[in-house]
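Beneath this line is the structure, given in structure tokens, with notes to follow.
The values are calculated or read from the model by the stated rules, or taken from the named source; none is laboratory data. Keep in mind that this is a model prediction, so the values were computed, not measured. When we count neighbours, we look across all protein chains shown, and the Cβ atoms used for this are built from the backbone with ideal geometry, even at glycine.
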Amino acid sequence: MIQSPVKASRSFLGGIRAAFAFAGLLLAFIATPQAHAEELSALAKIRQSGVLKVALYKNFAPFSHDGRGVDVDLAQALAAKLGVKVSPLWFEADENMEDDLRNMVWKGHYLGYGPADVMMHAPIDPAYMAKVDRVKFFAPYHRERYAVARRLDVLPTLDNFEPFEKLGLGVEGDTLAATVMLSADGGRYRNTIRTYRTAGEAVEALKSGAVAAVMAQQGELEGGLAGDARMAIDLPPHPILQKRQWALGLAVKKQSDDLAQALQAAINEMVADGSLKAIMQRHGVTHRQP
């Protein structure tokens with residue numbers, strides 16, 4: 001929580017030295033606790049409050065949705081290692097990552113909530129990180145990529161996109177997968193592309209048979225299908241989508257060095273002892289080392 005500065009007024013009593021000295025002592029008594037509070041580090045403030053405020057995306061199964069997911073369990077484990085409790089701060093993805101970072105990491109939302117102490121599922125990309133000077137990115141814990149989930153009875157193999165001239169392909173709107181597929185091969189697949197609000201909705205359409213395949217982030221497909229034997233998940237037969245992979249980690253305010261160090265150490269322990277992998281398996285996701 002960002003504290004408001006203390007506003008103090010001073011009354012000068014001319015001609016009475018004792019009264020002046022008393023006022024000075026009183027000001028020192030008032031200011032010292034405040035100065036001490038301002039000197040507390042990010043980690044010390046969290047331990048003093050007993051709460052780690054964690055920013056979590058809404059509607060992002062299997063990572064964070066309806067109070068559960070990989071990132072939810074991971075946040076709880078990280079808080080436990082700091083000796084505090086979790087206070088989740090749920091938020092909807094904004095227009096771009098810069099908005100999410102401003103609202104949830106370094107400033108707070110204009111509607112009055114945030115910022116959090118740490119944000120889950122932040123991009124760990126050197127070029128991007130260099131442009132964002134108010135945020136510290138660290139502790140990559142998973143590597144994500146695009147994949148295609150398909151119904152085996154309809155598509156036993158998928159070597160190229162040609163089947164989608166006739167068969168429906170589900171994608172989440174306003175994603176790289178949607179952009180690529182709408183323009184691929186001169187727009188040959190525009191008539192069969194089905195756009196959904198979320199990857200989860202696209203997966204449900206796949207389960208019901210409304211589409212023959214879905215292209216989305218692999219973690220979302222794995223969690224949504226949860227080992228459904230009717231389906232297969234493969235990398236998409238497209239060089240751009242196969243190459244596009246990215247690491248995911250944590251983000252805190254730039255000056256929160258000690259908090260970042262403590263959380264990095266906690267992630268390292270969870271990777272070493274297998275507990276991070278176990279959390280992901282519990283939600284149907286294959287852990288991919290960044």
The number of residues in the stretch 182-229 that are in contact with a Gly (Cβ under 8 Å, 6 or more places away or on another chain) and among the hydroxyl-bearing types (S, T, Y) is 3
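This table checks each residue for (1) within 20 Å of A216 (Cβ to Cβ); (2) out of contact with any strand residue (DSSP E or B) (no Cβ under 6 Å at 6 or more places or on another chain); (3) small (G, A, S); (4) not assigned by TED's automatic domain parsing to the domain that holds R102.
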{"position": "V252", "(1), (2), (3), (4)": "no, no, no, no"}
{"position": "Q255", "(1), (2), (3), (4)": "no, yes, no, no"}
{"position": "L259", "(1), (2), (3), (4)": "no, no, no, no"}
{"position": "A262", "(1), (2), (3), (4)": "no, yes, yes, no"}
{"position": "N268", "(1), (2), (3), (4)": "no, yes, no, no"}
{"position": "G274", "(1), (2), (3), (4)": "no, yes, yes, no"}
{"position": "Q289", "(1), (2), (3), (4)": "no, yes, no, yes"}
Report yes if some residue within the stretch 110-117 is out of contact with any Ser or Thr (no Cβ under 8 Å at 6 or more places or on another chain), at negative phi and outside any loop (DSSP other than H, G, I, E, B); otherwise report no. no
Considering A130, A149, which residue is in the same structural domain as L78 (by TED's automatic domain parsing) and under 25 Å from Y57 (Cβ atoms)? A130
Please verify whether E92 is touching a Lys or Arg at 6+ places or on another chain (Cβ under 6 Å), acidic (D, E) and either modelled with pLDDT under 95 or under 22 Å from Y141 (Cβ atoms) (or both), treating the condition exactly as stated. yes
D94: passes all of (1) farther than 18 Å from A260 by Cβ; (2) touching a strand residue (DSSP E or B) at 6+ places or on another chain (Cβ under 6 Å) but (2)
Take the stretch 114-126 and flag every residue that is touching a Phe, Trp or Tyr at 6+ places or on another chain (Cβ under 8 Å) and within 13 Å of W90 (Cα to Cα). G114, P115, M120, H121
Of the residues G108, G83, only one is over 30 Å from I240 (Cβ atoms) and in contact with a Pro (Cβ under 6 Å, 6 or more places away or on another chain); which? G108
Taking the stretch 141-164 and keeping only residues that are among the aromatic types (F, W, Y) and closer than 15 Å to I233 by Cβ, one is left with Y146
Among (1) within 20 Å of A122 (Cα to Cα); (2) not assigned by TED's automatic domain parsing to the domain that holds G108, there is one condition G187 misses while meeting the rest; what is its number? (1)
Just one listed residue, out of D99, D66, is of a type in the set (D, E), within 25 Å of G284 (Cβ to Cβ), modelled with pLDDT of 90 or more and assigned by TED's automatic domain parsing to the domain that holds A122, and it is D66
Which ones in the stretch 113-135 are of a type outside the set (A, V, I, L, M) and surrounded by fewer than 20 Cβ atoms within 10 Å (Cβ to Cβ)? Y113, P123, D125, P126, Y128, K131, D133, R134
